[in-house]
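These notes concern the structure reproduced below.
The values are calculated or read from the model by the stated rules, or taken from the named source; none is laboratory data. Quantities reported herein were computed from a predicted structural model and do not represent experimental measurements. Glycine gets a Cβ as well: all are built from the backbone with ideal geometry, and neighbour counts include every protein chain shown.
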């Protein structure tokens, strides 16, 4: 039967479902009042949405807990649990309620209390009580009428997480201790085995304890800034730690200098305390530092009767005869598979036995008896059922261990406890003790002599075989090497059980590869003690052969999944490869289920590993250098190399094509290279330089061998130091040189041009890439030159004029010739590829391939100028075509009616029909713009919008044409809106828009031409003092301020520019400023004052902190940029030019001078004496007021104009600028240059990553 449902009923059902669905999540508030409750389906959210409180289920368990977590994280990060010891299992009847007495209670079955705040003291007015989740993650009960009165807070009862603002300490009156206690395991928040807290005896230390009893780690004493045993805390530019001790309490707390960061300190289920910070980008928690540094230092890491294996991937396993109590939960330890006979009440069964275990670190807390024999020692243990193990040696006598065995480690030595023999008590029924009934004894009586005789015969024949090899000169006695052939015949096999004779039968005539014995490799590597790193293959160890040759040993891990056959094939392949730029394989080892490869360290490719050398052998002349790959898929030697100076200057050079040096490290001062300031952070690396009569080389090592690190010369010519980052599981750059691609010589290859502003390569016009996606191969001509044609048929070659192109080096220059003669000299010489001419330098000719071309005004001090590139006459760029007769301008309206549309395919007639009465904007045809710009040949520069060309209209008016690049991502609608915006702006300090062009998929804007380019061209140039005198600078500041004030207040719409900087301030013929580039501007309505965006655009160094960090922008964002601009104009220095100094940026430098009453030192030294010192200080004061941290503290542009005009009105004192606190704190530790003992965990990786994310963005 079909039932028709009324629409209103369906609407009701849908509405009900929507409301129900919403109740499964946040109720949209941060507070519950007296009498209110929170169900399992509801949550509280802090005011700004950082933290959320509600019910959760960990893992696959049915248990329900009340907790707090960071909101909007993909993985719920729990920071606090209320009922960790008493979970609920009934979601329908569980709820959190605030009672009338002011207590919070957690109920199940509606009435059964499983957790409460248990406030005993009565509140003055419980009706006003409220429970609130705050933005710092603290859940509080407070007085609603007086929120500062707190009755209870979750910060006093932490679980495993310490948040900024919370305390770890002790109340001296009540004895209540705030400590962190780990979860039992990753899915059970019940209290685990590990805890961290302050020393209750008042020593100002932190201790980590196992089972709340055994202390196994101490932070060291607090010195007022850091703990003595946590050197990472000395770099405290992110965290602000403090210790308070008075008659009431003693506690530690910490805060963040940048409150937009998220951080936490956690005691993990594995017993390590970890400081973590949330990083945007990878969107994950990064480990800032951890203690203890390795799992082996954590007491009881594997639980009772568990053994920690340092060199094992799983770390933990049970003693033989034991099994895990809980799978994947080593904190619960192990239990016996079979009960002891002594624990059987009837004492039935065979007597317990002992299993001997070697190289096991002896547990602590033994009972020792020196004057007993070994037999007596065993008997004393067997007679005592609580004795679980014994050990005996002649020095220490007899040691007995009663009760559970804890903190067992097997790795030679651990924490100073030497590995020794110990006898573990097991039930007689355990297989490990089954070695001796009657039949077995009989079998052994026969087997043992047989085995001994066979072994003796084997050793006899083996000695004969070795003697034979020695006589042939094949044996290298120092190595204990077997000569072994990896047969290359695909039909052959090589089983691990093959005997030496079978191996010898498969000897290959083509290759002899030394086979090292396991013992020789073990000795060479110091029992595999010097670990260089680890990859997918397995760990890599450093070793030294008896000859002194240093080697790298790759040890196949069982986890790699590579079998003997794959290992064999790979070894054959590598052994057959012999090239100076390929690593050399010296031999291999296949023994004791081990598979290892032994490499030579003396032949690096593009990678420098810890322990390897970069240098030169003074006897043989052999050089160890890095050479880049040809491209990402071809390991053949590329164009870029890096190596030590062969002349012994103690520098490292980078070269293009092994000939042209384009970067130097600077001199070595014993600790760092002078031009690599990043090496000051030397708490991760140890560098050394060795120079003697035999060799000169650099090498480095890691303070913590568990790191993975490498140097690499990339295919783009940059040397990078990389660290492997756990979490995102990828290599992150620690530093790179040159710092930007513009510093790499020949990055785009021959006839390739590098565009600095947008960091990409393209070929010169008339050229094309030789190999797609391989710029190192450069570009080739599309059409051959006429002079290269043997028959010389065709039109004579021509020249294409290119502007703003940095002139290549190695030109031939003739000063006393004319421009015509210069061109003629080049055209008559077929090897001449380009020429340039100007009145100052005369004629310059370039022969052969053109290399290191850049287009961006200036590069490496080489001024941009006009250059003429030789092209075949057939190239379209030289085909000017028909004569241009006029403007061919169509008047076109960009209709502002939202209902209108504007398709690119619209005809001219349709466009004319959409004429707007409010605005007439000339529309230029593509052909007219092309002719006016000389086929876009005179390029002025390039920005985020696209390239800018110079042109001239038939009237003689010079224009600038901005051509929208496809890479800009700007569509027609955005282009249309932006054009409307600029067309409506009319002010003498704003650049004037003359027209636009929308044709042939092109979008272009035609502006008035500014002959003096942009402010940055003069402000940061060498002759700035002569051109930009004090009066000109004041006029530029005032004009820019007037233009901004018009945008913010007096234009039709309130406009925020969002990208104010010197390169966007154009100067007319009289040096008057005009604000340009509105590609990133935003329009506000009349009542709007602030906006928010997820896409941060603009230029770091000029962005306000609230915009760069949170995406919040307002008119005060432009004020901040204006303040930076003012300080740059006064000082003649870029905000980002202080990278190598202590201040990091101009704002910090200016504030430092202002605070020390030396603000006049900020003045550009090229200016000489200012007309008025008070006027100089006034403009510095204005600049500092504009760059204050809080937007509310910054003046409006109207206020700024008033400050400039009213010279005698006193100005307010500025507050500390933005982005200064972080580096100031870092200065206290001098960026680790004097930080004492180096850190040995991956703190260094996270420090650099955070620094780059938070502070060094401004370098860009």
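Some notes on this structure:
- The residues of the stretch 139-162 include none that are more than 22 Å from residue 54 (Cα to Cα) and either at pLDDT 95 or above or crowded, with 20+ Cβ neighbours inside 10 Å (or both).
- Residues that are touching a strand residue (DSSP E or B) at 6+ places or on another chain (Cβ under 6 Å) and outside any helix (DSSP H, G or I) do occur in the stretch 372-382.
- Of all residues making up the stretch 108-135, the number that are under 47 Å from the mean Cα position of the chain (by Cα) and in contact (Cβ under 8 Å) with a residue 60 or more places away in the chain: 7
- Residue in the stretch 120-127 that is farther than 16 Å from residue 35 by Cα and either modelled with pLDDT of 95 or more or touching a helix residue (DSSP H, G or I) at 6+ places or on another chain (Cβ under 6 Å) (or both) present: no
- The residue that is nearest to residue 744 (Cα to Cα), counting only those in the stretch 701-714 that are assigned to a loop (DSSP other than H, G, I, E, B), at pLDDT below 85 and touching a strand residue (DSSP E or B) at 6+ places or on another chain (Cβ under 7 Å), is 708.
So that you can scan it fast, the table gives a plain yes or no per residue for (1) farther than 23 Å from residue 695 by Cβ; (2) outside the structural domain of residue 530 (by TED's automatic domain parsing); (3) in contact with a helix residue (DSSP H, G or I) (Cβ under 9 Å, 6 or more places away or on another chain); (4) surrounded by 15 or more Cβ atoms within 10 Å (Cβ to Cβ):
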| position | (1), (2), (3), (4) |
| --- | --- |
| 619 | no, yes, no, no |
| 624 | no, yes, no, yes |
| 641 | no, yes, no, yes |
| 646 | no, yes, no, no |
| 653 | no, yes, no, yes |
| 659 | yes, yes, no, no |
| 671 | no, yes, yes, no |
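- Qualifying residue in the stretch 788-801 (condition: surrounded by fewer than 16 Cβ atoms within 10 Å (Cβ to Cβ), in a loop (DSSP other than H, G, I, E, B), out of contact with any helix residue (DSSP H, G or I) (no Cβ under 9 Å at 6 or more places or on another chain) and at pLDDT 80 or above): no
- Any chance residue 165 is modelled with pLDDT under 90, part of a loop (DSSP other than H, G, I, E, B), surrounded by fewer than 20 Cβ atoms within 10 Å (Cβ to Cβ) and at positive phi: no
- Per the listing 300, 296, the residue uniquely touching a residue at least 40 places away in the same chain (Cβ under 8 Å) and not in a loop (DSSP other than H, G, I, E, B) is 296.
- Positions within the stretch 1179-1197 being surrounded by fewer than 18 Cβ atoms within 10 Å (Cβ to Cβ) and either under 33 Å from the mean Cα position of the chain (by Cα) or farther than 14 Å from residue 1122 by Cα (or both), in sequence order: 1190, 1192, 1193
- The set of residues in the stretch 673-700 being out of contact with any helix residue (DSSP H, G or I) (no Cβ under 6 Å at 6 or more places or on another chain) and part of a loop (DSSP other than H, G, I, E, B) consists of 674, 675, 676, 682, 692, 693, 694.
- When 1185, 1153 are checked against the criterion of being over 30 Å from residue 675 (Cβ atoms), part of a helix (DSSP H, G or I), assigned by TED's automatic domain parsing to the domain that holds residue 1037 and at pLDDT 90 or above, a single residue qualifies: 1185.
- Hey, residue 356 farther than 11 Å from residue 305 by Cα, in contact with a strand residue (DSSP E or B) (Cβ under 9 Å, 6 or more places away or on another chain) and either assigned by TED's automatic domain parsing to the domain that holds residue 430 or surrounded by fewer than 19 Cβ atoms within 10 Å (Cβ to Cβ) (or both) or not: yes
- Applying the set (1) more than 44 Å from the chain's Cα centre (by Cα); (2) modelled with pLDDT of 90 or more to residue 324 leaves exactly one unmet item: (1).
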